[in-house]
Amino acid sequence: MLKRMTLAAAVTAAMFALTGCATVGPEFSAPGNVTAANFRHAPAAPGAAAQARLPAQWWSVYGDDTLNRLEQSALRDNPTVKAAAQRLLQAQAQLGVVKSSQGPSVNVSTGVSNSRTSANTSQGLALGNRSIHGDNFSVGAALSYEVDLWGRVRRLVEASEAQAQALEADRDGVLLLLSAQVASSYWQLRGLDAEIAILNGALDTRRESEQLVNARFNAGLSNELDTSRARIERANAEADLQETVRQRNTLEHALAVLTGASPSAMRLPSAASALPQPPAIPVGLPASLLSQRPDLAGSVAALRASNAQIGVAEAAFYPSISLTGNFGLASESLGDLTKGGSRQFSIGPLGLSLPVFDSGRNHANLTLAKARYDEALANHEGRLLTALREVEDALSDVQQKQQQQQVQAQSRDAAARAYQVALARYERGLSTYLDVTDAQRSALAADRTAAQITTQRLLATVAVARALGAGWQASPALAQAGQAAVH
């Protein structure tokens, strides 16, 4: 008996040792990286500046305390972030389930029973019309293990690890998108605050102008047409103000939802200061984009998972081997349960399953796995090109909006001067009030356009930050995958 147990243990040890000898399927090779040396619309920067990155809390570059508070609330309380975190936990739990297949499964059982056999059966007749009855006590353990000779289980674990990494990148992508949405909505709201301040000033000016025209009409120095024009301009300014306030309320409600708060509870006071100048966003190099954007890192992880599934499909062509064993104690008397004579055990069977004929099912599954990998590779290449386009678009917006603001400043100064001249000429009776209203409209439009361009410049910097990954820091596993893709 001891020799049989020793032989069984040796066979088991040999099977364990063989599990690391081979792995089916191709080894993962990272896709090619970006070959461009620099972004086309990136500002000229020294070498050190080209390698600079945004901080993890990238919105802090704006130096706005209210924005900092909103970002922290959104990342903590937004329901979409919570859902993404739970998806990641599910993937990590599933990875634990798959990893458990790499080791043996051991179950312990105990039992107590009372039985009696029939005296009239063939067995009972052989015993002289006697029945067998009594108590039975047992305790034992059962072992089962799949011998992973070809690496099928290892490929399953590799695929699950990659899928968990992809969902981790997906969660980080949700955080990045959310922070960008909060920043964009906030600067749009502050831009509307600037327009509301301009409209309030314009409304005060139009009320004063209406009073002036009415006084001149009462003195016989003007006509009713001028008073109607003054009233129209004042009413239009009020209507524009109400529409801008409505737009601000809508953005305030959107910000409340993004931060996980009720829209009724959000109250952001109007900004007292003017819009800030957009900060400089460190751009970096195209080759570093894979390590800066979570969606691209997740795409590489998904590609690795698809590659591992090819190995799983190939393993179906090879034999599968499983090993089982049992050891326990059984006795009619509880007191005799621990005695040597109560010992019972079995090792085996050592099961071997070899596919012989499956009507082409395994071959079709392998073709399917390879096609899915090719699809994932094409999707990754498309995401990479889209990421490059997003960066170039955002950088182009930054450049063009800056130049537009410089040119528009000339229009704003000229419109303000034209209004002063038209008003002076009207007060001296050298022109009609129509010249004043035209000049007022031009000056108001120029002021609002200036505020809108500044807002758009701030939004362009948010787009640049988001397109570059917004200071995303990968976990060690994702960072390792990203570096492999870069190199």
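The values are calculated or read from the model by the stated rules, or taken from the named source; none is laboratory data. Every value quoted in this text rests on a predicted model; they were computed, and no experiment measured them. Backbone-built Cβ (ideal geometry, glycine too); neighbour counts: all protein chains shown. Each accessible area value is taken on the protein alone, full model and side chains, heavy atoms only, with ligands, DNA and RNA left out. Shrake-Rupley method; radii C 1.70, N 1.55, O 1.52, S 1.80 Å.
Summary of computed values
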| item | result |
| --- | --- |
| Paramagnetic label zone (point 7 Å from Cα along Cα-to-C-beta, Leu221; backbone N under 20 Å) in the range 416-432 | 419-432 |
| Cα gyration tensor, the range 148-251 - rounded (a/c under 1.5), prolate or oblate | prolate |
| Distance between modelled label sites at Leu385 and Val97, nm, 7 Å Cα→Cβ extension | 3.7 |
| Highest to lowest packing among 315-321, 109-115, 289-295, scored as the average C-beta count within 10 Å | 289-295, 315-321, 109-115 |
| Per-pair calculated FRET efficiency, R0 = 51 Å: Ala142 and Glu375 via Cβ, rounded to 0.05 | 0.75 |
| Label point distance in nm, Asp204-Arg343, each placed 7 Å from Cα along Cα→Cβ | 10.0 |
| Residue order for Asp193, Asp374 - accessible surface, 1.4 angstrom probe, largest first | Asp374, Asp193 |
| Modelled FRET efficiency - R0 45 Å, Ser29 with Ser131, Cβ distances, 0.05 increments | 0.05 |
| Modelled FRET efficiency - R0 56 Å, Val112 with Val257, Cβ distances, 0.05 increments | 0.40 |
| Extended-chain gain in nm, criterion 0.36 nm per residue less alpha-carbon gap, Gln277 and Gln410 | 46.1 nm |
